[in-house]
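Reviewing the structure listed below.
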């Protein structure tokens, strides 16, 4: 059985921002209850808001910052990070997940097939 743990820090208005980065502002722009065709929101935020991926050294090193590990126990996990594809940015908000196989079979199978990666 696979366990998926979302370690993403939510993005919300007034959240802590890195010094010099813009504050996060969520601005409603369309509301169906006002007769608009859909609910829409403008999101004003820096590329390094919440959980995010930053690129270093000519884009050869990916750094994942701003994860919430309070519910994570020590162990082996698969790590999945899905940053937004924003052209020309040095970082991007991302969704970050840890995946753990409670039986250990999934990781054991990978370990046996990937011995050359050690």
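The values are calculated or read from the model by the stated rules, or taken from the named source; none is laboratory data. Remember, predicted model here, so these are calculated numbers, not experimental data. Cβ placement follows ideal geometry from the backbone for every residue including glycine, while neighbour counts extend to all protein chains displayed.
Counting only residues that are assigned to a loop (DSSP other than H, G, I, E, B) and free of Cβ contacts under 8 Å to residues at least 24 places away in the same chain, segment 12-46 holds 13 of them.
How about segment 55-93: which of its residues are assigned to a strand (DSSP E or B), closer than 18 Å to residue 11 by Cα and free of Cβ contacts under 8 Å to residues at least 40 places away in the same chain? Explain how you work it out, then say what you get.
If we filter segment 55-93 for residues that are assigned to a strand (DSSP E or B), which is where we start, we get 55-56, 61-65, 67, 78-83, 91-93.
Remaining after also requiring closer than 18 Å to residue 11 by Cα: 64-65, 67, 81-83, 91-93.
If the condition is that a residue be assigned to a strand (DSSP E or B), closer than 18 Å to residue 11 by Cα and free of Cβ contacts under 8 Å to residues at least 40 places away in the same chain, then 64, 65, 81, 82, 83 are the ones that fit.
Screening the candidates 38, 29 for the property of being in contact with a helix residue (DSSP H, G or I) (Cβ under 8 Å, 6 or more places away or on another chain) and at pLDDT 90 or above yields one hit, 38. Taking the criterion of being closer than 21 Å to residue 94 by Cβ and exposed (fewer than 10 other Cβ atoms within 10 Å of the Cβ), the only residue of segment 20-50 that qualifies is 20. Residue 96 meets the conditions (1) exposed (fewer than 13 other Cβ atoms within 10 Å of the Cβ); (2) within 24 Å of residue 22 (Cα to Cα) in every case but one. The failed one is (1). Every condition in (1) farther than 30 Å from residue 1 by Cβ; (2) free of Cβ contacts under 8 Å to residues at least 40 places away in the same chain; (3) part of a loop (DSSP other than H, G, I, E, B) is met by residue 49 except one, and the failing one is (2). Taken together, the residues in segment 48-74 that are at pLDDT below 85 and either in contact with a helix residue (DSSP H, G or I) (Cβ under 8 Å, 6 or more places away or on another chain) or over 17 Å from residue 21 (Cα atoms) (or both) amount to 7.
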